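Chemist: Can you read through this structure? Questions will come right after.
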Amino acid sequence: MMERGQRLDPRKTFGDALLALAERKAEIVAVSADSSKGSGLAPFRARFPERHIEFGIMEQGVIGFAAGLAAVGQIPFVAAIAPFVTARPFEMVRNDLGYMRQNVKVVGRSAGLAYSDLGPTHQSLDDVALMRTIPGMVVLCPGDPVEIVKSVEAAARHAGPVYLRIGSPAIPVVYGSEEDCAFEIGRGIILSEGDEVAVFATGAALPRAVQAVEILQGAGVQPLLISMPTVKPLDRELVESAA
């Protein structure tokens with residue numbers, strides 16, 4: 001059980017969620033591009049070695065292979081450092097997954113500036129922008145461990161390509177319980193009601209937004225706080241309602 005305020009590694013949270021899902025769904029396959037341990041897939045590999053495939057540094061080939069797995073009824077989750085599954089194999093993701101509507105889940109971990117010490121090649125400032133351009137691609141940016149688990153489950157249920165973006169530094173749980181997180185692809189989640197200012201947050205910005213709202217509440221301001229774990233399709237109705 002996760003507790004509010006508890007700080008967890010998003011990569012391990014993802015790996016544990018995928019393993020739990022694989023226990024229930026035999027179609028789940030974990031695919032890695034020189035990134036298995038770093039993506040939290042070591043427990044999956046130990047439990048289901050026949051459903052874990054490590055390709056090494058050949059991301060373009062990984063995407064094509066995953067598309068083939070999906071074409072025969074498997075549900076592959078392809079995990080690696082974010083720029084190496086978005087920018088490097090962009091044409092393959094666009095053509096083999098997006099245009100073909102293949103049921104592949106691309107997981108970009110250590111996103112944003114999480115790997116800033118390794119230089120610009122390992123930084124993903126454009127991954128969301130790239131993935132949003134692909135027809136049929138769902139883009140998920142969970143902001144806390146509970147949303148990560150819900151995102152993995154929702155991605156597996158969704159019929160079609162999904163890009164799931166997670167970081168690497170430990171992040172706090174912002175929900176009181178998993179039941180408090182009404183996760184649904186394409187929908188925002190209202191975390192606190194208010195009518196003076198609206199605060200939207202996605203991904204790693206969510207815990208900071210929670211802190212900002214608590215400061216505002218302490219000053220007598222009542223903000224509306226909305227988590228937006230789905231970047232595409234965007235919950236336009238909720239955005240317009242808040243405006």
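The values are calculated or read from the model by the stated rules, or taken from the named source; none is laboratory data. None of these values were measured; they are calculated from a predicted model. Neighbour counts run over all protein chains shown; Cβ positions are idealised from the backbone, glycine included. The protein model used for the area step is the full one, side chains on, heavy atoms only, and it has no ligands, DNA or RNA in it. Shrake-Rupley method; radii C 1.70, N 1.55, O 1.52, S 1.80 Å.
Chemist: How long is the gain from ALA159 to GLU178 if the chain were fully straight, where each residue apart is worth 0.36 nm and the alpha carbon distance is subtracted?
Modeler: Between ALA159 and GLU178, full extension yields 4.5 nm more.
Chemist: Taking the convex hull of the alpha carbon atoms in the range 158-226, what volume per residue do you get, in Å³?
Modeler: It comes to 107 Å³ per residue, whole-number rounded.
Chemist: Using the beta-carbon distance between GLU193 and ARG7 and R0 = 25 Å, what value does 1/(1 + (r/R0)^6) give for FRET efficiency, to the nearest 0.05?
Modeler: 0.40
Chemist: Report in % the part of the accessible area of the chain that belongs to carbon and sulfur, leaving out ligands and nucleic acids; probe 1.4 Å.
Modeler: Carbon-and-sulfur percentage of accessible area, whole number: 54.
Chemist: Give, in nm to one decimal, the length gained when the segment between ASP126 and GLN222 is fully stretched (0.36 nm per residue of separation minus the Cα-Cα distance).
Modeler: 31.2 nm
Chemist: In terms of solvent-accessible area of protein heavy atoms at a 1.4 angstrom probe, what is the ranking of THR86, THR121, highest value first?
Modeler: THR121, THR86
Chemist: Another one. Of the DSSP beta bridges with both residues in the range 102-243, give the percent that are antiparallel, rounding to the nearest 5.
Modeler: 35 percent
Chemist: Compute the accessible area per residue over the chain, keeping the other protein chains in place, probe 1.4 Å, unit Å².
Modeler: 45 Å²
Chemist: Out of all DSSP beta bridges with both ends in the chain, state the antiparallel percent to the nearest 5.
Modeler: 25 percent
Chemist: Take LYS25, LYS12 and sort them by solvent-accessible surface of the protein heavy atoms, 1.4 Å probe, largest at the top.
Modeler: Result, largest first: LYS12, LYS25.
Chemist: Over the chain, with a Gaussian network built from C-alpha contacts below 10 Å, which listed residue (ALA204, ALA219, ALA82) shows the highest mean-square fluctuation?
Modeler: Maximum among the listed residues: ALA219.
Chemist: Another question, then. Can you work out the Karplus-derived ³J(HN,Hα) for every residue in the range 75-82? Use 6.51 cos²θ - 1.76 cosθ + 1.60 with θ = phi - 60°, whole Hz, and x for glycine or proline.
Modeler: Result, ordered by residue: 10, x, 10, 9, 10, 6, 4, 3 Hz.
Chemist: Between TYR99 and GLU23, what FRET efficiency follows from the Cβ-Cβ distance if R0 is 35 Å, with the result rounded to 0.05?
Modeler: Approximately 0.60, to the nearest 0.05.
Chemist: Same structure again: Each label point is 7 Å from the Cα along the Cα-to-Cβ direction; what then is the distance between the points at LYS37 and ALA243, in nm?
Modeler: Each label point is offset 7 Å from its Cα along the Cβ direction, giving 4.9 nm.
Chemist: Then there's this: Mind checking the range 1-66 for GluC sites (Glu not before Pro) that DSSP puts in a loop (not H, G, I, E or B) and that have at most 11 other Cβ atoms within 10 Å?
Modeler: Those satisfying the criteria are GLU3.
Chemist: Same structure again: Let me know the Rg and Dmax you get for the range 86-159 when you use only its Cα atoms, in Å.
Modeler: According to the Cα coordinates of the range 86-159, Rg and Dmax are 13.0, 37 Å.
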